[in-house]
Amino acid sequence: MKYAIIDIGSNSIRLTVYRHDEEDGQVYIQFKDKVMAGLAGYVEDGDLSEKGIRKACDALKIYRKVLGNLAIENIYPFATASLRNIGNAREVLARIKSETGFEVDIISGEEEARLDFIGATKVVNIDRGMLVDIGGGSTEIVLFKDGNIECAHSIPVGSLNMYKKHVKRLLPSKEEKRAITKDVKKEIEKLNIECSEKQQKMCGVGGTLRAARKLGIEITGRENADREVDASDVKKVMKVLEGEEKETIDRILRVVPERIHTILPGMIILSAIIKHFEAEQIYVSSYGAREGYLYKNVLER
């Protein structure tokens, strides 16, 4: 059986087509695509603007056509902070339904965090630690022990909304970096998470973590087969990216060009989380909320 999951995020809209093998119970990715729609950049006075609605609908129309050509009927679109954090969500959902035929499921921040955990733990073997998903409009944080979730939270800081709020040019200045860090620390402290021990192992989910890993490989020259990144490498990457502006821009364009304006805000968020929770190792998962949604809301129904 084949299934399509569409993830409407604040930074990108992603389509993944999976084949579920009923004999071994595994899922296999058969097709994937993304559109860097940057919906968080189209939020004005708390509402998604007409241009933003148009961006979303245009991307979803393309995916409707692609899935029609692939003869996929089991289609499950969901939205994260891109739509849950806007005031005109009902209007946007109605427009999407009218123009594309898709009925979009808006998931809460806590549910997103739990889906991240379900998806990531299918491919990452960590018994205890924390999970972090830095999106465009929010960051999900999960603490787990013995394979079970102890707490799941979502904070309203993401790579794109922090860029929009604080950064005036292409790259953040020292003052702007401090402002982003201050916002992240404030939101983490609001959670009032009590940790009796430092969270040495972190599972990283999402585009920001994958991009950070790519930059780490480019800068340090080290690639771990287990998709593992030392927290110290994140510091090294940040130090290099704080160098001469043109060199930084050229380096980002070589490795993750589609994230030229969001990778630094995203890595500032990551650095603040690493420091707060004293993480030492990061395992970057290839699975996340989309796979979690597939397992929990489709296959296990």
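The values are calculated or read from the model by the stated rules, or taken from the named source; none is laboratory data. Since this is a predicted model, take the numbers as computed values, not measurements. Note that each Cβ is placed from the backbone with ideal geometry, even for glycine, and that neighbours are counted across all protein chains shown.
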Fill in the blank from the handout: Note: among E150, E187, just one is closer than 30 Å to K122 by Cα, in a helix (DSSP H, G or I) and without any contact (Cβ under 8 Å) to a residue 60 or more places away in the chain, namely E187
Completion exercise
When every residue in segment 96-107 that is outside any helix (DSSP H, G or I) and of a type outside the set (A, V, I, L, M, F, W, C) is compared, the one farthest from I5 (Cα to Cα) is G101
Practice task
State whether the residues of segment 121-138 include one that is crowded, with 20+ Cβ neighbours inside 10 Å, within 24 Å of L67 (Cα to Cα), of a type in the set (A, V, I, L, M, F, W, C) and in contact with a strand residue (DSSP E or B) (Cβ under 7 Å, 6 or more places away or on another chain).
Solution key: no
Handout entry: Residues being at pLDDT 90 or above and out of contact with any helix residue (DSSP H, G or I) (no Cβ under 6 Å at 6 or more places or on another chain) - total across segment 202-229
Key = 8
Handout entry: Residues that are surrounded by fewer than 21 Cβ atoms within 10 Å (Cβ to Cβ) and of a type outside the set (D, E), drawn from segment 28-40
Key = Y28, I29, Q30, F31, K32, K34, V35, M36
Problem - Hits in segment 152-191 - residues which are touching a Leu at 6+ places or on another chain (Cβ under 6 Å) and under 23 Å from F277 (Cα atoms) - result: H153
Fill in the blank from the handout: All conditions in (1) assigned by TED's automatic domain parsing to the domain that holds A211; (2) surrounded by 15 or more Cβ atoms within 10 Å (Cβ to Cβ) are true of A289 except (1)
Exercise for the section: Would you please list the contacts, defined by Cβ atoms under 8 Å and residues six or more apart or on different chains, that run from a residue in segment 1-26 that is within 27 Å of I106 (Cβ to Cβ) to a residue that is aromatic (F, W, Y) and part of a loop (DSSP other than H, G, I, E, B)? Expected result: I6/F102
Problem - Options N297, N224: the member that is within 26 Å of T16 (Cα to Cα) and without any contact (Cβ under 8 Å) to a residue 12 or more places away in the chain - result: N224
Practice task
Answer yes if at least one residue in segment 78-95 is under 19 Å from V17 (Cβ atoms) and either part of a helix (DSSP H, G or I) or out of contact with any His (no Cβ under 7 Å at 6 or more places or on another chain) (or both), and no otherwise.
Solution key: yes
Handout entry: Residue check, K55 assigned by TED's automatic domain parsing to the domain that holds I6, basic (K, R) and part of a helix (DSSP H, G or I)
Key = yes
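Residue check: is I72 assigned to a helix (DSSP H, G or I), β-branched (V, I, T) and either closer than 18 Å to K32 by Cα or at pLDDT below 95 (or both)?
Values: assigned to a helix (DSSP H, G or I): no; β-branched (V, I, T): yes; either closer than 18 Å to K32 by Cα or at pLDDT below 95 (or both): yes.
So I72 fails the test.
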Practice task
Residues being more than 24 Å from S271 (Cβ to Cβ) and out of contact with any strand residue (DSSP E or B) (no Cβ under 7 Å at 6 or more places or on another chain): count how many of those fall in segment 78-118.
Solution key: 16
